[in-house]
1. Quick one: which strands (runs of 3 or more DSSP E) sit completely within region 148-208 and have at least 1 residues that are closer than 22 Å to Leu241 by Cα, out of contact with any Ser or Thr (no Cβ under 8 Å at 6 or more places or on another chain) and assigned by TED's automatic domain parsing to the domain that holds Cys247?
2. Determine the pairs where a residue that is basic (Lys, Arg), located within region 152-167, has a partner that is buried (at least 21 other Cβ atoms within 10 Å of the Cβ) with Cβ atoms under 6 Å apart, the partner being 6 or more residues away or on another chain.
3. Taking Ile227 as meeting all but one of (1) within 27 Å of Leu33 (Cβ to Cβ); (2) at pLDDT 85 or above, write down the number of the exception.
4. Would you please name the residue that is modelled with the lowest pLDDT, looking only at residues in region 118-168 that are in contact with a helix residue (DSSP H, G or I) (Cβ under 7 Å, 6 or more places away or on another chain) and over 23 Å from Lys201 (Cβ atoms)?
5. Would a scan of region 22-32 turn up a residue that is over 21 Å from the mean Cα position of the chain (by Cα) and either modelled with pLDDT under 85 or more than 21 Å from Cys214 (Cα to Cα) (or both)?
6. Say whether the condition of being modelled with pLDDT of 70 or more and over 23 Å from Arg24 (Cα atoms) is met by at least one residue in region 86-99.
7. Would you call Lys196 at pLDDT 85 or above and among the charged types (D, E, K, R)?
Amino acid sequence: MPHLVIEPFNPYSEEYPNRRVISRKELELFKLLRAEGLDIRVSGDPSHELNFLSRKGVHEWLSDPVIIQLVSIPLSIACGVLSNALYNMYARKKPDQTNVVLELDSNGTHAHYTCDGTPLESSQFDALLSAMQKRREVHLNVTQHRSPYPTRPAALFLEHTRQVVGWGMVVADDDIRGLRVEDAVITDTEVWKRIKERSLKGFSIGLLVREALCETCGESYFRCSHIVGKCYAGISCQVRLTKCDMCEISIVANPVNPLANLHWKGDEK
């Protein structure tokens, strides 16, 4: 049967193995293509649950190219549908054509194209893979970071890199219906300086979402046709995360959520 296949990547596989992970934007693309009548799948062991990666407090985009395998689907048809979906995803702006790479298997030889059908040379594709791998490496070995402070077990990273700049305790805050980092200590002198200067002023929390409900239709957000904050088909929705694992906390310069901000007590480090 003709179909498309998205390759997942789990940046937190050491701590949370046996999960197929796609980004929130990849899930949106998945929904848009499915709405166009295409059979689209996520590769990997189907017994491994499908999660999506959500980062609360930063803008989300297709930071890595999405590689989609075409199985018995003509390139021209896939390009037409994908171009329209990406045009909608990017708020009616033309996206970078290498955000989505199409892969065709022709008699055992893989050929690669941008989403508008432009062929990619092998060297171009290898360069994309190399850049992806470098970005992926910053997420690996999260579990190697162990706090020197017994009451501050959570590592604080800088801008979603692997640079640990502090430690704190994460607690649930019923007043804001969210999480709060308290009793934190900043161990990096330059980062502490930037916090006091307010050039670093917020948090971003990385979550692996295992279950989520669409508040428009009440169905699983993985299976429904709605998309948060978008109105591609005349309907947008809100999503309620019902089961997720927190993977990282970063201190960032420009949090999207105005509530994800930093406060400190006196001049203590």
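1. On the way: elements: 154-158, 164-173, 178-186.
Ranges flagged: 164-173, 178-186.
2. These pairs meet every condition: Arg152/Trp167; Arg152/Gly168.
3. (2)
4. This residue is Leu128.
5. Kept after step one, since they are over 21 Å from the mean Cα position of the chain (by Cα), are these residues of region 22-32: none.
No - not one qualifying residue is present in region 22-32.
6. The answer is no, given that none of the residues of region 86-99 is modelled with pLDDT of 70 or more and over 23 Å from Arg24 (Cα atoms).
7. Numbers: at pLDDT 85 or above: yes; among the charged types (D, E, K, R): yes.
It is true that Lys196 is at pLDDT 85 or above and among the charged types (D, E, K, R).
Conditions tested, residue by residue: (1) more than 18 Å from Tyr221 (Cα to Cα); (2) among the aromatic types (Phe, Trp, Tyr); (3) surrounded by fewer than 17 Cβ atoms within 10 Å (Cβ to Cβ).
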residue: Leu4; (1), (2), (3): yes, no, no
residue: Asn10; (1), (2), (3): yes, no, no
residue: Glu26; (1), (2), (3): no, no, no
residue: Arg34; (1), (2), (3): no, no, yes
residue: Gly44; (1), (2), (3): yes, no, no
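The values are calculated or read from the model by the stated rules, or taken from the named source; none is laboratory data. On a predicted model such as this, the values are computed, not experimentally measured, just so you know. Backbone-built Cβ (ideal geometry, glycine too); neighbour counts: all protein chains shown.
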